[in-house]
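Report on the structure given below.
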Amino acid sequence: MMKLGVLGVGDLTEKMVRGLRRSGSDITIILSPRNRDRAYGLARDLSCELRESNQAVADASDVLLIGVRPGQLEELAREVSLRPGQPLISVVIGVPVSDLQRLFGARDCSRAMLSAASEINRSTVAVFPAESIAARLLAPLGNVVRLATERDFELATVGACINGWLYFLIHELQQWFCDKGFPPERAKDLVLSSIEDCTAYSRYQTSLSTGEIGASIAIPGTFTAQGMEVLTQLRANAAWRAACDRVFEQLIAKQG
Ligand SMILES: NC(=O)c1ccc[n+]([C@@H]2O[C@H](COP(=O)([O-])OP(=O)(O)OC[C@H]3O[C@@H](n4cnc5c(N)ncnc54)[C@H](OP(=O)(O)O)[C@@H]3O)[C@@H](O)[C@H]2O)c1
């Protein structure tokens, strides 16, 4: 039975553990002790094991999942010494494989980028390298996107940020309906349903691009077209592009 050690039990790794168990995975999951309440709760509720130190987690595990924040990685690396050849999967944003190998030693290092929807097995699971242990182990958490280069992986990381921004956009639209008098639940249902409908139809219409579908709806003279004019005047789409550029430039700069 595979033993997965988790170094850094936080928001994302908790959701990943929940998703793995939700998928029926019965691999052994061994948790680091920091953030004790969270780790203890997971161990108790989801049949995970807890160890007294990061080193004890590493010693007991076949594969390690690193889930600390970028600024906490150096400290973590000072606290553990991994076995030669012990594979490592990192979900730490913006830290390339070369840095992971510098910090943890030359070994099989793979990277993964996921979203909160890992918890319900519906995340995008971006992985690099394409044929990595991360791709196999994390497949139950959602839609695996295998990236052949680290640059492509950073592009997929921008996708993970877009996922976060979309929550704010959805909230803003929902709030507009509430301001006009809709109760929050109805506003939420309407906006989410509209987005789900759009996603489903875009996937169904394989012969049309999403731009073409949009253009077929926002034909001149329609209310949709009027709204699009406002969005274009206010450079709404340009703002999204600028946000993507800002994140991507920083991620690429870290690759050196
Ligand atoms: N949250 C997301 O949806 C998301 C999405 C994509 C990627 N990520 C990436 O996932 C990583 C974690 O993000 P997060 O939001 O889950 O952060 P988080 O909730 O702060 O989780 C990090 C956890 O690691 C613990 N930790 C820090 N140093 C440690 C050490 N030396 N040994 C053991 N545990 C240690 C932290 O404890 P303390 O609280 O005591 O510091 C915390 O419990 C980040 O690198 C982020 O870029 C997150």
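Every listed requirement among (1) among the polar types (S, T, N, Q); (2) at pLDDT 95 or above; (3) more than 13 Å from the ligand (Cβ to nearest atom) is met by Ser132 save one, (2). Has the range 71-86 got at least one residue that is within 14 Å of the ligand (Cβ to nearest atom), closer than 16 Å to Leu138 by Cα and not in a helix (DSSP H, G or I)? Checked against the condition, which is being within 14 Å of the ligand (Cβ to nearest atom), closer than 16 Å to Leu138 by Cα and not in a helix (DSSP H, G or I), the range 71-86 yields no hits at all. Scanning the range 42-68 for residues that are of a type in the set (A, V, I, L, M) and buried (at least 16 other Cβ atoms within 10 Å of the Cβ) returns Leu42, Ala43, Leu50, Ala56, Val57, Ala58, Val63, Leu64, Leu65, Ile66, Val68.
Looking at this structure, is Val97 more than 14 Å from the ligand (Cβ to nearest atom) and assigned by TED's automatic domain parsing to the domain that holds Glu14? Judged against the criteria, Val97 is a match. Annotation: Ala39 fulfils all but one of (1) in a helix (DSSP H, G or I); (2) more than 26 Å from Glu154 (Cβ to Cβ); (3) open to solvent by 50 Å² or more (accessible area, probe 1.4 Å); (4) within 9 Å of the ligand (Cβ to nearest atom); the unmet one is (3). If the condition is being away from the ligand (no atom under 12 Å from the Cβ), out of contact with any helix residue (DSSP H, G or I) (no Cβ under 7 Å at 6 or more places or on another chain) and open to solvent by 50 Å² or more (accessible area, probe 1.4 Å), then the range 1-21 contributes Met1, Met2. Gly71 passes every criterion in (1) within 20 Å of Ile252 (Cα to Cα); (2) surrounded by 15 or more Cβ atoms within 10 Å (Cβ to Cβ); (3) not basic (Lys, Arg) apart from (2). Scanning the range 105-120 for residues that are of a type in the set (Gly, Ala, Ser) and within 14 Å of the ligand (Cβ to nearest atom) yields Ala112, Ser115, Ala116, Ala117, Ser118. Going by what's in this entry, would Glu52 be described as assigned to a helix (DSSP H, G or I) and charged (D, E, K, R)? Criteria not met by Glu52.
The values are calculated or read from the model by the stated rules, or taken from the named source; none is laboratory data. Keep in mind that what you see is a predicted model, and the values were worked out from it rather than measured. Neighbour counts are summed over all protein chains in view; Cβ atoms, including those assigned to glycine, are modelled from backbone coordinates with ideal geometry. Side chains included, ligands, DNA and RNA excluded: accessible areas come from the protein's heavy atoms. Shrake-Rupley method; radii C 1.70, N 1.55, O 1.52, S 1.80 Å.
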